[in-house]
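The values are calculated or read from the model by the stated rules, or taken from the named source; none is laboratory data. Nothing here was measured: the structure is a model prediction, and the numbers come from that model. All Cβ positions, even for glycine, are placed from backbone atoms using ideal geometry, and neighbour counts span all protein chains on display. We work out accessible area using only protein heavy atoms, side chains counted, and drop any ligands, DNA or RNA first. Shrake-Rupley method; radii C 1.70, N 1.55, O 1.52, S 1.80 Å.
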Amino acid sequence: MPHVITQSCCSDGSCVYSCPVNCIHPSPDEADFARAEMLYIDPVACVDCGACVSACPVGAILPDSRLTPEQLPFAAINADHYPPRPDGVKVPPTSKLAPVLPAPRLRGRDLRVAIVGSGPAGMYAADELLTQSGVRVNVFDKLPTPYGLVRAGVAPDHQSTKSITRLFDRISAARGFTYYLNAEVGHHLSHDDLLEHHHAVVYAVGAPGDRRLDIDGMGLPGSGSATETVAWINGHPDFADQPADLSHERAVIVGNGNVALDVARILTSDPETLAVTDISDAALRELRNSAVREVVVAARRDPADSAFTLPELLGLVAHAEVVLDTEDHALVRRDLGTAGDAGTIAKLEILAALPDSATESTRPRIRLAYRLTPQRILGGARVNGVEFTRTGSGETSTVDAGLVLSSIGYRGAPIAGLPFDDAAAVVPNRAGSVVNPVTGRPVTGAYVAGWIKRGPTGFIGTNKSCAMQTVSTLVDDFNAGLLRDPAARPAALARLVRSRAPGVVDAAGWRAIDAAEVRRGAASGRPRVKFTSVPEMLAAADSARPARRFSGPSRRTGA
Ligand SMILES: Cc1cc2nc3c(=O)[nH]c(=O)nc-3n(C[C@H](O)[C@H](O)[C@H](O)COP(=O)(O)OP(=O)(O)OC[C@H]3O[C@@H](n4cnc5c(N)ncnc54)[C@H](O)[C@@H]3O)c2cc1C
């Protein structure tokens, strides 16, 4: 009874290392790891030990006998990743042993590292650093709540993916780890402040902006980005006052990556299925009153070029009504005749089986549309449609809509005091060490991990190998004596942060916010009801420690 990896795979790779027979690929050291849409278990080699089930932080692995009907296609998707073998041969000829990555070995003691950002990259970097004794890690986040896009990006109906926070909770409870939440680097504290108190600073600040769709009419009321909508749906305090206008029966999303599918799915879901998630209450209210009957997900290119991944498409068609126009069905059939790789063929086969948009719909639906290049957003006081040209021809068409969202990618932002590659929107770096692009020399003590290092691609777990590489570079530099000892004593940091950011929230404060949110959700069977404003969060944090919000590092760590 082999095990199967399903939709919520986060590519963290923990399963790879736990597997005693090396039957999970691609592993982080294999060339196709960075491109893979998920990891796959070889059903022939799997010995059914279940080690991967315990190791998986998001509950994505099941024995094949326990797959739900919607998950059944994943058995074939896992198996198709591996070549056929003669009877009795278990391991593909190309298989190597799972890599045992060398843990960075610290020489000397008392390495102090500031990590800016408590999203996946920051948390995985902290985890990797804290495998060594003698390391102290101070994690800063500008919000009073940690976990970056896991809290504010991952869709609320993907709760099993959000359960990666249990792993992050364990990391933050480790000896040597201290939170400084609600403290923004670049505002309350500078890079130089952090270097006064640490040997190194790892920036894991993600990619907070979005690539703007630069056409006339963007900016009209009713236009916006999927980035903002996702943040509003997830209760990010900076976006609580930016509701999507759902008063028109059609919305258009420009771009067809996984984020576009997330937004389309949420906008067409039965609100009562969302009412048992941690979706923001304000978003839930708007969705209950929504007039939206159709969300058009418009792509410039062909079906074979669809940016969404196969697991997300499978999840979408299992839970939403998804249709295609007749002419897009013809494009799918044409692409099926020429597509070469198995993943693209699998996506096209799913698209080919979708109903035609002429079919009567009984519930809000998603229409995947192709070869549409947006020219301008139409409207006066507010949006009333989008004008497209058929990609590759001058033929124009108009789609009526009251909401137009661009979903063409996230974008990193410059960090004060560090170089920035504006074209790639990342901080230039060599294996995580920030590099001055003019001199080609490293910027002493500055490191990056996650989306600000490699751009906004990959899954939650992709940030694990990314952060491990950065930590390995940092520890090598420390061992080689390239990092300056911090001038300030460890105890001085808490005082500095409190003086600059009086609202700073520590681990106890976050636990109080967390517990209050979970309590608010318990009555209605929800995992939590989020606070969506910073003052509410701070009030909850204060309720744990009425005298002072930040208690400083624990005596245990002495940091
Ligand atoms: C909408 C959406 C849905 C996604 N869904 C999935 C999914 O279902 N499964 C999956 O595997 N992956 C998913 N991903 C991808 C995954 O979320 C990312 O790979 C991951 O979050 C990137 O991690 P990061 O740490 O680089 O950045 P982030 O998660 O963005 O974390 C950055 C952190 O830095 C903090 N910060 C920023 N600037 C500062 C500053 N100046 N001072 C202090 N703190 C600062 C931010 O507040 C934030 O907490 C999704 C991504 C998006 C956008």
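In the range 200-214, which residue that is more than 24 Å from V154 (Cβ to Cβ) and surrounded by 21 or more Cβ atoms within 10 Å (Cβ to Cβ) is farthest from the ligand (Cβ to nearest atom)? Spell out the reasoning first.
Taking the range 200-214 as the starting set, the residues that turn out to be more than 24 Å from V154 (Cβ to Cβ) are 200-201, 214.
The next check asks that each one be surrounded by 21 or more Cβ atoms within 10 Å (Cβ to Cβ); those that pass are 200-201.
Details: A200: 16, V201: 11 Å.
Among those that are more than 24 Å from V154 (Cβ to Cβ) and surrounded by 21 or more Cβ atoms within 10 Å (Cβ to Cβ), it is A200.
With the range 197-312 as the region, which strands (runs of 3 or more DSSP E) entirely inside it contain at least 3 residues that are more than 22 Å from the chain's Cα centre (by Cα) and more than 30 Å from A352 (Cβ to Cβ)? Reasoning before the result, please.
On the way: elements: 200-203, 223-225, 250-254, 294-298.
Those strands (runs of 3 or more DSSP E) do not exist here; none qualify.
Do you know which residues across the range 161-195 are away from the ligand (no atom under 13 Å from the Cβ) and of a type in the set (D, E)?
Passing the criteria: D169, D192.
I need the full set of residues from the range 136-152 which are open to solvent by 10 Å² or more (accessible area, probe 1.4 Å), touching a Gly at 6+ places or on another chain (Cβ under 9 Å) and either of a type outside the set (K, R) or on the phi > 0 side of the Ramachandran plot (or both), in order please.
D141, G148, L149, A152
Working only within the range 400-422, note down all residues that are crowded, with 20+ Cβ neighbours inside 10 Å and part of a strand (DSSP E or B).
Answer for the range 400-422, where residues must be crowded, with 20+ Cβ neighbours inside 10 Å and part of a strand (DSSP E or B): L403, V404, L405, S406, Y410.
Looking only at the range 6-54, filter to residues that are among the small types (G, A, S) and within 15 Å of the ligand (Cβ to nearest atom); which one of those is nearest to D341 (Cα to Cα)? Talk me through it step by step, then tell me what you get.
Of all residues in the range 6-54, those among the small types (G, A, S) come to 8, 11, 13-14, 18, 27, 31, 34, 36, 45, 50-51, 54.
Applying the additional criterion that residues be within 15 Å of the ligand (Cβ to nearest atom) yields 8, 11, 13-14, 34, 36.
Working: S8: 23, S11: 21, G13: 24, S14: 27, A34: 17, A36: 13 Å.
Checking each candidate, the answer is A36.
Against the definition (in contact (Cβ under 8 Å) with a residue 24 or more places away in the chain, farther than 16 Å from L194 by Cα and either open to solvent by 30 Å² or more (accessible area, probe 1.4 Å) or more than 27 Å from the chain's Cα centre (by Cα) (or both)), how does D485 come out, yes or no? Walk me through it before giving the result.
Numbers: in contact (Cβ under 8 Å) with a residue 24 or more places away in the chain: yes; farther than 16 Å from L194 by Cα: no; either open to solvent by 30 Å² or more (accessible area, probe 1.4 Å) or more than 27 Å from the chain's Cα centre (by Cα) (or both): yes.
Answer is no for this residue.
I'd like to check something: does the range 319-326 contain any residue that is small (G, A, S), more than 25 Å from N234 (Cα to Cα) and in contact with a Ser or Thr (Cβ under 7 Å, 6 or more places away or on another chain)? I'd like the intermediate steps shown before the answer.
Initially, the range 319-326 is screened for residues small (G, A, S), giving 320.
In the following step, the residues that additionally are more than 25 Å from N234 (Cα to Cα) were identified as none.
No, there is no match, as no residue in the range 319-326 is small (G, A, S), more than 25 Å from N234 (Cα to Cα) and in contact with a Ser or Thr (Cβ under 7 Å, 6 or more places away or on another chain).
Open to solvent by 20 Å² or more (accessible area, probe 1.4 Å), outside any helix (DSSP H, G or I) and within 16 Å of the ligand (Cβ to nearest atom) - does that describe any residue in the range 511-528?
Looking through the range 511-528, at least one residue is open to solvent by 20 Å² or more (accessible area, probe 1.4 Å), outside any helix (DSSP H, G or I) and within 16 Å of the ligand (Cβ to nearest atom).
Can you spot a residue in the range 449-457 that is open to solvent by less than 10 Å² (accessible area, probe 1.4 Å), over 30 Å from D32 (Cα atoms) and either over 19 Å from the mean Cα position of the chain (by Cα) or within 16 Å of the ligand (Cβ to nearest atom) (or both)? Show your work before the answer.
In the first step, residues of the range 449-457 are kept if they are open to solvent by less than 10 Å² (accessible area, probe 1.4 Å); the result is 449-450, 452, 455.
Subsequent filtering for residues that are over 30 Å from D32 (Cα atoms) retains none.
Checked the range 449-457: no residue is open to solvent by less than 10 Å² (accessible area, probe 1.4 Å), over 30 Å from D32 (Cα atoms) and either over 19 Å from the mean Cα position of the chain (by Cα) or within 16 Å of the ligand (Cβ to nearest atom) (or both).
Results for (1) aromatic (F, W, Y); (2) open to solvent by 40 Å² or more (accessible area, probe 1.4 Å); (3) within 30 Å of I415 (Cβ to Cβ), shown as yes or no for each residue.
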{"position": "S11", "(1), (2), (3)": "no, no, yes"}
{"position": "V21", "(1), (2), (3)": "no, yes, no"}
{"position": "A34", "(1), (2), (3)": "no, yes, yes"}
{"position": "C46", "(1), (2), (3)": "no, no, no"}
{"position": "S54", "(1), (2), (3)": "no, yes, no"}
{"position": "A76", "(1), (2), (3)": "no, yes, no"}
{"position": "L111", "(1), (2), (3)": "no, no, yes"}
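Of all the residues that make up the range 327-352, how many are part of a loop (DSSP other than H, G, I, E, B) and touching a helix residue (DSSP H, G or I) at 6+ places or on another chain (Cβ under 8 Å)? Working first, answer last.
Within the range 327-352, the first condition is being part of a loop (DSSP other than H, G, I, E, B), and the residues that meet it are 339-341.
Filter once more, so that each one left must be touching a helix residue (DSSP H, G or I) at 6+ places or on another chain (Cβ under 8 Å): 339.
The number of residues fulfilling the criteria is 1.
So which of T389, T444, T373, T439 ends up being part of a strand (DSSP E or B) and open to solvent by 30 Å² or more (accessible area, probe 1.4 Å)?
Values: T389 fails: open to solvent by 30 Å² or more (accessible area, probe 1.4 Å); T373 fails: open to solvent by 30 Å² or more (accessible area, probe 1.4 Å); T439 fails: part of a strand (DSSP E or B).
After applying the criteria, what remains is T444.
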